[in-house]
2 protein chains.
Amino acid sequence: MLKLLDAQRSLLTQRCGRELRVVAVSARDRKRDRGVSLDGLAWHNDPIDLASNDDVDVVLELIGRSDGPAKSLVESAINAGRHVVTANKALIAHHGTELAKRAESIGVTLAFEAAVAGGIPIVKALREGLSANQLSTVYGILNGTCNYILSAMRETGREFDDVLSEAQELGYAEADPAFDVDGVDAAHKLAILTSLAFGCSVDFETVHVEGIRHISPVDIQFADELGYRIKLLGLTRSTEHGIEQRVHPCMVPLDTPIAHVEDVFNAVVAEGDFVDTTMYQGRGAGEGPTASAVVADLVDIALGRTVPTFGVPAEKLVPLKPAPMSRHRGSYYVRLMVLDQPGVFADIAAALRDHNVSMEAVLQRQRAPDEAVPVVVTTHETEEASMIGTLEAIGALEAVVEPPRMIRIERL
Amino acid sequence: MLKLLDAQRSLLTQRCGRELRVVAVSARDRKRDRGVSLDGLAWHNDPIDLASNDDVDVVLELIGRSDGPAKSLVESAINAGRHVVTANKALIAHHGTELAKRAESIGVTLAFEAAVAGGIPIVKALREGLSANQLSTVYGILNGTCNYILSAMRETGREFDDVLSEAQELGYAEADPAFDVDGVDAAHKLAILTSLAFGCSVDFETVHVEGIRHISPVDIQFADELGYRIKLLGLTRSTEHGIEQRVHPCMVPLDTPIAHVEDVFNAVVAEGDFVDTTMYQGRGAGEGPTASAVVADLVDIALGRTVPTFGVPAEKLVPLKPAPMSRHRGSYYVRLMVLDQPGVFADIAAALRDHNVSMEAVLQRQRAPDEAVPVVVTTHETEEASMIGTLEAIGALEAVVEPPRMIRIERL
């Protein structure tokens, strides 16, 4: 952040018509080497003091986590009449609605471009660029770590754990990878996108979340054979049952642009009634992209360019009516480990029929009499509840020796 | 436009905190059926009168062409203190700098999101979303008609003229297709992107422009074999010799995302020093996408969200220093029709050597002794001036029976 402000000083002064000046800093450890000098900046041991420093117009919160010091700082800053720029997706996903209400009632900006998809200006695109549209759906690759792992697994044929370790060594994954690989980080971002897309309150709790730990090379290989790529997507959609928010691995057809977004890149697709389909792609994390997004928010604030936090006034955000996941409709990929013996297919087909699920294709690539071999079933569109019932019935068959693996197919 | 304003009335009122109301209209033919009622709207035979109508805060210019009534209307509107929203790329490409200066000196907004890449909010992305970056290059597929024609030629193997006729029947190309297929429309858009990217005055005159009329199925087939796709790109880049603005057919590697943007879709890639590479994709034309962009500009104006027209104050736009095309450096694809006889390759190789051009590969797929067969040469990076010299020398060879066809290779 400081590096960017220093490098672009003259450009930013031109854009803003005034200088963006860092006047005060607060952090846990004053002595840590940050690669930039903090000379001449006021130091506050307590960030709350910083927020009430008279020289401060805008507070940048880069602490992280949904509660604790980050939340206290943002609340105090807003209450003290300071604008706030944050990259904190957890904070906005958990407390976005109330913070927005407070900020708007006081007349300060709460900006969070960096919280979703890093350097991609997707918050601005949804809130301003597509403001003339009713959006029907927004979906995307929202976590670079997962996309890197899935890309590397596909390219090398290696197992999840193996690729994760490598990603940790390369710095693409945290020592505790749970937030990323279990889908929580993507779900934070999705909850924010939902409010921007549909003008509803932020409701992280109702996001259906599944991670990528159970994705195995055999599924990636089958996906390839079937013309799909496996991606961890976050999707939000307005349906007849309410708003469906879900984060889970998906099989996406190879002829969709998002199938080709690889490695640590993020991409978001937004579909509006007048603009049709638009897609935004770039780096979803990292020092440079994050600084780019944070400072873009700063420039908006410096120019007095304000907009309701989520595109419509926070007081008008409607409560989100969640669509139950059991009512989700879609196609499914199911992989079974099955003893290669006569009659098994008949039992599987019967389970599908009993739950009214229509089979699209069935694949068995290996033969090994009386040993376990992978069998793949894909279905036509059906309801999630029926699919869950089917999986239970199939899982209970004697010849099925491992829990069935299900991956949703998204025909985007 | 009127349809959108009607359909989204309540959403837009929420976003703007007030109603966006159409109060007056001017057009050539009052009686034409526009599919919407003009009842209750003031009618002006002369658009200039409309601009000075006291009820009018914002004038939408949807007339088109760089001069004539469109220019008069926009000038009068600005002079009368009205904000202006336009979709007119020719107007901004030819007169953008002076109009921006005038608008900023009077304190009104001149907005033109719809002028570049239709529904994709790329003007906003460059001017605001990436405001913290020094951009090094911006390039994209800026003309949907050309992209449709090139996609269809590749898919069907048909000739340019044939596919153009079909595109005209389908309404994807105008009766007079020159603006599209000769690259002028893309060049208008590129000139605008250049100013947004580099903070310089708009300089349409110095854009190097080539269209797609000479692209033939044999080149498309060779591109495929070599791992490329042929796209009409507009590229603007800051180089040591100045700013390079060019619109011409390119061979782009199949592993770049832009290679997979097909049919009428547009896409723009922007590379910044902090954000790295970002890409924006969507429909570049059509009633819905255009209305989406125009109304997004209206919402910005209604909220008082202002920004310098090209991202920095118009008075500070520096004159564009054009890089001579002869200094362009890149790789080249050259296709020759050559009499299949001994010694020809030696002559071609000598011409390359004499101009210091290093050959990467040479391909001859057919044999037909003493008849003309296609031969393809690709080069390593070289200077355009050397390449032009090489092409002249090769074209003068007796065994080369047609003018050489050159397509630049872009390793993006």
Those helices (runs of 4 or more DSSP H) lying entirely in the range A:62-181 with at least 2 residues in contact with an Asp or Glu (Cβ under 8 Å, 6 or more places away or on another chain) and either within 14 Å of chain B (Cβ to nearest Cβ) or closer than 18 Å to A:His214 by Cα (or both) = A:144-156, A:178-181
Picking from A:Pro342, A:Pro324, A:Pro369, the residue that is surrounded by fewer than 20 Cβ atoms within 10 Å (Cβ to Cβ) and closer than 30 Å to A:Lys101 by Cβ would be A:Pro324
Condition broken by A:Val295, with the remaining ones in (1) within 20 Å of A:Leu130 (Cα to Cα); (2) surrounded by 24 or more Cβ atoms within 10 Å (Cβ to Cβ) satisfied = (1)
More than 14 Å from chain A (Cβ to nearest Cβ), outside any strand (DSSP E or B) and at pLDDT 95 or above - does that describe any residue in the range B:229-237?
-> no
With criteria (1) more than 21 Å from A:Asp57 (Cα to Cα); (2) aliphatic (A, V, I, L, M); (3) within 14 Å of another protein chain (Cβ to nearest Cβ), A:Val294 comes up short on (1)
Mind counting the residues in the range A:77-96 that are farther than 17 Å from A:Val23 by Cβ and either more than 25 Å from the chain's Cα centre (by Cα) or of a type in the set (Ser, Thr, Tyr) (or both)?
-> 3
Scan the range A:239-256 for residues that are at pLDDT below 95 and either in contact with a helix residue (DSSP H, G or I) (Cβ under 6 Å, 6 or more places away or on another chain) or surrounded by fewer than 18 Cβ atoms within 10 Å (Cβ to Cβ) (or both) and jot them down.
-> A:Leu254, A:Asp255
Scope the range B:260-291; condition crowded, with 20+ Cβ neighbours inside 10 Å, within 7 Å of chain A (Cβ to nearest Cβ) and under 18 Å from the mean Cα position of the chain (by Cα); matching residues | B:Thr278, B:Met279, B:Tyr280, B:Gln281, B:Gly282, B:Arg283, B:Pro289
Only residues in the range A:98-122 that are closer than 23 Å to B:Val269 by Cα count as the first member; pair them with residues that are surrounded by fewer than 24 Cβ atoms within 10 Å (Cβ to Cβ) and modelled with pLDDT under 95, Cβ under 7 angstrom, at least 6 apart or cross-chain, and list the lot.
-> A:Gly118/A:Ala285; A:Gly118/A:Gly286
Answer with yes or no whether A:Thr236 is surrounded by fewer than 22 Cβ atoms within 10 Å (Cβ to Cβ) and among the polar types (S, T, N, Q).
-> no
Among the candidates A:Leu62, A:Leu11, A:Leu73, which residue alone is under 22 Å from A:Pro289 (Cα atoms) and within 31 Å of the chain's Cα centre (by Cα)?
-> A:Leu62
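So that you can scan it fast, the table gives a plain yes or no per residue for (1) at pLDDT 95 or above; (2) surrounded by fewer than 19 Cβ atoms within 10 Å (Cβ to Cβ); (3) among the hydroxyl-bearing types (Ser, Thr, Tyr); (4) in contact with a helix residue (DSSP H, G or I) (Cβ under 6 Å, 6 or more places away or on another chain):
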site	(1), (2), (3), (4)
B:Lys3	no, yes, no, no
B:Arg32	no, yes, no, no
B:Asp46	no, yes, no, no
B:Val59	yes, no, no, yes
B:Ile78	yes, no, no, yes
B:Thr86	yes, no, yes, no
B:Ile92	yes, no, no, yes
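The values are calculated or read from the model by the stated rules, or taken from the named source; none is laboratory data. Every value quoted in this text rests on a predicted model; they were computed, and no experiment measured them. Please note: Cβ atoms are built from the backbone with ideal geometry, for glycine as well, and neighbour counts cover all protein chains shown.
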